[in-house]
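Some notes on the structure that comes next.
The values are calculated or read from the model by the stated rules, or taken from the named source; none is laboratory data. All values derive from a computational prediction rather than experimental measurement. Reconstructed Cβ throughout: ideal geometry from the backbone, glycine too, with neighbour counts over all protein chains shown. Ligands, DNA and RNA are stripped out before the accessible areas are found, and what is left, the full protein with its side chains, is counted by its heavy atoms. Shrake-Rupley method; radii C 1.70, N 1.55, O 1.52, S 1.80 Å.
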Amino acid sequence: MTTFRSVNPARPDDVVGEYPTHGAADVDAAVARAAAAQRAWARRPAPARADVIAAAGRVIARDKEAFTALVSREAGKVLVEAGGDVQEAIDMADFVAGQGRAAWGATVPSELGDKLCWTTRQPVGVVGMITPWNFPIAIPSWKIFPALLAGNGVVIKPSEHAPACCAAFVAACVEAGVPADLVQVVHGFAEPAAALAVHPGVQAVSFTGSVPTGRKVAVAAMETGPRLLSLELGGKNAMVVRADADLDLAVDGAVFGAFGTSGQRCTSTSRLIVHPDVAGELVERIVKRSEQLRLGDPQEPGVDVGPVITGSSTDRIAGMVAAAVDEGATVATGGRPVTVDGCDGGAFFTPTVLTGVRPEHRIAREEVFGPVLAVLEVAGFDEALEVVNSVEYGLSAAVYTRDINAALRAVDGIDTGIVYVNAPTIGAEIPLPFGGTKHTGNGFREAGTRGIEQFSQVKTVYVDYSGRLQKAQIDTHPVGEGS
Ligand code: NAD
């Protein structure tokens, strides 16, 4: 079998691990093993499954430092953010475990006597998961924990840029008591992922990644049979700063939102939509702060911005910046790849602020997935909200204002799955649903109490204990008797 290497994006000579390049036959075997293990798992009561998930959270918490170091090394996240990624999985284990003892359905009074009506949820069977690299512990936890709680088996194809993180996460689950065959990991690039999406033994597909890949997965998955399909895709997230905003807060939010995780969060702030009265001062302060950020080896404490994931990402980002300049934007700071001492071959890109961007420019419409903030000046608040909504994405948005009426108008008028007031576009918390509108997703939400919906089917149950045939709608409103 051929293999591939996962490398540290800050120092590509540092090989994190070597993994098999799995193909369709490996996916077949993985699905068969997960399906066999799933039957016994689904027979365990949900609170017992929840206990195992809680235990997985405790294993990850015990090893938090090692997980954090691995995330930093493999995904290039600075240590504090890598720790946040791991903490999200610990929180998710606690939250999902609690759901094991919560209500899973509704009871409804029957229109007939001596009859009970309720809904419950049942597992789908085997869930196929395809994940990106940028939250290499958190995203597997968002999917695997609720899927297991619902009683499913899992086959996951992690990103080729973060196989070690996923393998470590699944090993923690197994140590905590998840049956060894129940969660299968297949490694590689597009081939095993594509095979998983169309596999007849996979009853639900859960994909997180870019819009172009998500579209391919969706078409293939539905062509080979109706199945539950959840898509969590890209974003083009905007921060609106009104003239009445607290500018200190807006500067902090814009810098963290745009350059945290080197701009490689699905919720990264990539558009700053600002009133001309404050644009000059705001941009000047953001530029100054961006230039003070310490770029470097993300495993070193005190580094603010790590690498982007690959050298080809730096080329792609540089190309988008050049195209923006061609369209009329100005580079206020950054705009180029850089080398970092001690990080030979590392994929670093300077935090970049572009001014003079117009809503029709490519840089204002397409996901960059890198440390680039495009500044758009708009005269009025209605126009600001129009510009926020003018893109095909609908993940996250933020508004900075001291005016409560304006804040609530923004909450109401912005067409995204997540809206922040006086906080950046990043920073979701796991008890609440996460996901987006328009091309960002297909209506499902991860996390929160709705997270389980991706991985289960509703079953409606009627129990008639009257001892006779009762007919809904007919007995209650007989024709000819004044229905
Ligand atoms: P990607 O789309 O390149 O890859 C995602 C996964 O799809 C990887 O495992 C990859 O191997 C696999 N894949 C590649 N080609 C495939 C094919 N033809 N068929 C099936 N699977 C295939 O994304 P990425 O670069 O890993 O991640 C970045 C993207 O993910 C960004 O667009 C970001 O916004 C998005 N993202 C979204 C969310 C969310 O919750 N909405 C969260 C994190 C990341």
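Structure data summary
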{"read-out": "Failed condition for ALA398, given (1) more than 16 Å from ALA322 (Cβ to Cβ); (2) among the aliphatic types (A, V, I, L, M); (3) within 16 Å of the ligand (Cβ to nearest atom); (4) in contact with a Phe, Trp or Tyr (Cβ under 9 Å, 6 or more places away or on another chain)", "value": "(3)"}
{"read-out": "Selected residue (only one of THR68, THR119 is over 27 Å from ARG450 (Cβ atoms), surrounded by fewer than 23 Cβ atoms within 10 Å (Cβ to Cβ) and more than 15 Å from the ligand (Cβ to nearest atom))", "value": "THR68"}
{"read-out": "Residue count for region 358-374, restricted to those that are part of a loop (DSSP other than H, G, I, E, B) and in contact (Cβ under 8 Å) with a residue 40 or more places away in the chain", "value": "7"}
{"read-out": "Residue in region 443-471 that is modelled with the lowest pLDDT, counting only those that are open to solvent by less than 30 Å² (accessible area, probe 1.4 Å) and of a type in the set (A, V, I, L, M, F, W, C)", "value": "ILE452"}
{"read-out": "Residues satisfying the stated conditions in region 175-221, i.e. open to solvent by 60 Å² or more (accessible area, probe 1.4 Å), over 20 Å from the mean Cα position of the chain (by Cα) and either hydrophobic (A, V, I, L, M, F, W, C) or within 15 Å of the ligand (Cβ to nearest atom) (or both)", "value": "ALA180, GLU191, VAL219"}
{"read-out": "Candidates ALA25, ALA66, ALA82, ALA30 - the one that is part of a helix (DSSP H, G or I), under 19 Å from LEU148 (Cα atoms) and either at pLDDT 95 or above or among the charged types (D, E, K, R) (or both)", "value": "ALA30"}
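Here is a yes/no grid of residues against (1) out of contact with any helix residue (DSSP H, G or I) (no Cβ under 9 Å at 6 or more places or on another chain); (2) modelled with pLDDT under 95; (3) in a strand (DSSP E or B):
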| residue | (1), (2), (3) |
| --- | --- |
| ALA379 | no, yes, no |
| ALA384 | no, no, no |
| VAL387 | no, no, no |
| VAL399 | no, no, yes |
| ASN405 | yes, no, no |
| ALA410 | no, no, no |
| THR416 | no, no, no |
| TYR420 | no, no, yes |
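Condition check ((1) away from the ligand (no atom under 16 Å from the Cβ); (2) over 19 Å from the mean Cα position of the chain (by Cα)) across all residues:
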{"site": "GLN87", "(1), (2)": "yes, no"}
{"site": "MET92", "(1), (2)": "no, no"}
{"site": "GLN99", "(1), (2)": "yes, yes"}
{"site": "GLY113", "(1), (2)": "yes, yes"}
{"site": "GLY125", "(1), (2)": "yes, yes"}
{"site": "ILE156", "(1), (2)": "no, no"}
{"site": "GLU160", "(1), (2)": "no, no"}
